[in-house]
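Let me begin by presenting the structure, written as C-alpha cells, before commenting on it.
None of the figures in this text is laboratory data; all of them are computed from the coordinates on show. Just so it is clear, the structure is predicted and the values come from calculations on it, not from any experiment. Neighbour counts are summed over all protein chains in view; Cβ atoms, including those assigned to glycine, are modelled from backbone coordinates with ideal geometry.
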C-alpha cells in the first residue's frame with residue numbers, strides 16, 4: 001500500500017483542531033500557565049489561528065457546506081466585529097466548528113473530551129500534590145478550605161469534572177446502569193468533597209437524572225416534553241441572569257443570599273455591568289485595569305452574563321435565540337442536542353457552558369438550524 005495514495009478526510013483535520021483547541025484552552029486554566037518555558041498563552045494563540053484557518057479551508061472545500069455560507073455571511077461579519085472589539089475568539093471558533101461539522105461523529109468528540117479532560121484532571125492534580133505546580137487553596141464560607149488541585153480556581157477543577165460527566169453521558173446515550181451511577185457518584189464526590197462546589201455538584205445530579213429519564217423513555221412525546229421543559233428553564237435562566245446582572249442589590253436579603261450561594265457570581269456580573277456597560281460588539285477587558293474584591297481580570301462565571309459583557313449584545317442575543325430554538329425544535333431523542341440539554345443548568349454558574357471545547361454539542365445549533373432535527377436523531381448514530 002502506497003502511503004502517498006492514502007486520502008486524509010477533512011474530518012481528520014477537524015478532530016485534530018478540536019483536540020488542539022481543547023488541550024490548549026484547558027492548560028490556560030491550570031497553573032501550568034505559570035511555567036514560562038511552556039509558553040502556554042502563545043501556543044494557545046497559535047492554536048486558535050491554526051484552527052480558524054483549517055476550519056475555513058474545510059468549509060470552503062465542501063460544496064454542501066458552501067451553500068450555508070450564503071445564509072451565514074452576515075453572521076461572520078458580526079462575529080468578525082465582535083472578535084475584533086472583544087479580543088475573544090470563543091464564539092467565532094464555535095461557529096466555525098459548527099459549520100464545518102458535516103461529517104463529524106458526536107460520539108467520537110465525546111471520547112476525545114473524556115480522555116483529554118480526564119488526563120488533564122489527573123496530571124494537574126498530581127503535579128500540584130508533588131510540587132511541580134502551585135495550588136492556591138481558597139477559604140470559603142465558614143472557614144472551609146477549598147483546594148483547586150492545581151487549577152486556577154476550585155470551580156475550574158469542578159467544571160472539568162462536569163464536562164467529563166457530560167461527555168460520558170453522551171457516550172452512554174439512552175443507557176443507565178450501575179457503571180453510570182458510579183461515574184456520576186465519583187464526579188459528585190470530587191466536586192463536593194475536594195472543590196466544595198455546590199453548583200457543580202447539583203449539575204452532576206441533573207446530568208444523572210436526565211440520563212436516567214432518557215434510558216426509560218419510550219415515546220416521542222416523552223422526549224419532546226423533556227426538551228420543551230428544559231428549553232423553558234433555559235429561557236428562565238437567561239432572563240434571571242440578565243435581570244440580576246443589571247439590578248443586583250447587595251442590600252436585598254434574597255439577592256444577597258443567592259449571591260452567597262453562587263460564590264459571589266451575581267456581585268461580579270453587576271460590577272462589570274455597572275462599570276463598563278454592555279456594548280454592541282463587546283469589550284476587551286484585557287486592556288482594562290481591574291481591581292475588585294481581589295480580582296484583577298475579567299471574571300464572570302454566569303455564561304449568559306459573560307457572553308453579553310464580553311462579546312456584546314448583538315452576538316449574545318443571537319446565541320440565546322439559537323440555543324433556545326434548537327432545544328425547542330427537537331422533536332425526538334437526539335444525541336446531537338443531548339449535550340446542550342445537559343448543560344442548561346451549568347450555564348447559570350459556569351462560563352464553560354457556552355464554550356465549544358467544553359459543550360461540544362453546541363455545534364448542533366448551526367448544523368440543525370436549516371431543517372428538522374430528525375435528520376440527526378438517534379437512528380443516525382447508533
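Using every Cα-Cα pair within the stretch 271-355, state what percent have a distance larger than 23 Å. Please list the in-between numbers first.
Numbers: 1079 of 3570 pairs.
Here the long-distance tail beyond 23 Å is 30 percent of all Cα pairs in the stretch 271-355.
Quick check on the stretch 1-133: take the gyration tensor over C-alpha atoms, sort the square-rooted eigenvalues as a ≥ b ≥ c, and tell me if it's rounded (a/c under 1.5), prolate or oblate. Note, shape of the stretch 1-133 comes out oblate.
Residues 226, 207 in ascending order of nearby Cβ atoms (within 10 Å, fewest first): 226, 207. Per-residue Cβ neighbour counts within 10 Å put 19, 326 in the sequence 19, 326, beginning with the fewest. Residues 299, 232, 145, 54, arranged from fewest to most other Cβ atoms within 10 angstrom of their Cβ, appear as 145, 232, 54, 299. One decimal place: the segment residue 45-residue 192 gains 49.6 nm when fully extended, by the rule 0.36 nm per residue minus the C-alpha distance.
The calculated 222 nm mean residue ellipticity attributable to helices in the chain amounts to -20000 deg cm²/dmol, summing -39500 (n - 2.57) over DSSP H runs of n ≥ 4 and dividing by all residues. This structure gives Cα Rg over 2.2 N^0.38 Å, computed directly, and of (i) 0.97; (ii) 1.60; (iii) 1.31 that value is listed as (i).
For the stretch 112-249, rounded, prolate or oblate, judged on the Cα gyration tensor with a ≥ b ≥ c (square roots of eigenvalues), a/c < 1.5 rounded, else prolate if a/b > b/c?
Verdict is oblate for the stretch 112-249.
If the segment from residue 81 to residue 129 were pulled out straight at 0.36 nm per residue, it would be longer than the present Cα-Cα gap by 13.0 nm. Tell me whether the stretch 23-85 comes out rounded, prolate or oblate; compute the Cα gyration tensor, take square roots of the eigenvalues as a ≥ b ≥ c, and use a/c under 1.5 as the rounded threshold. The shape class here is prolate.
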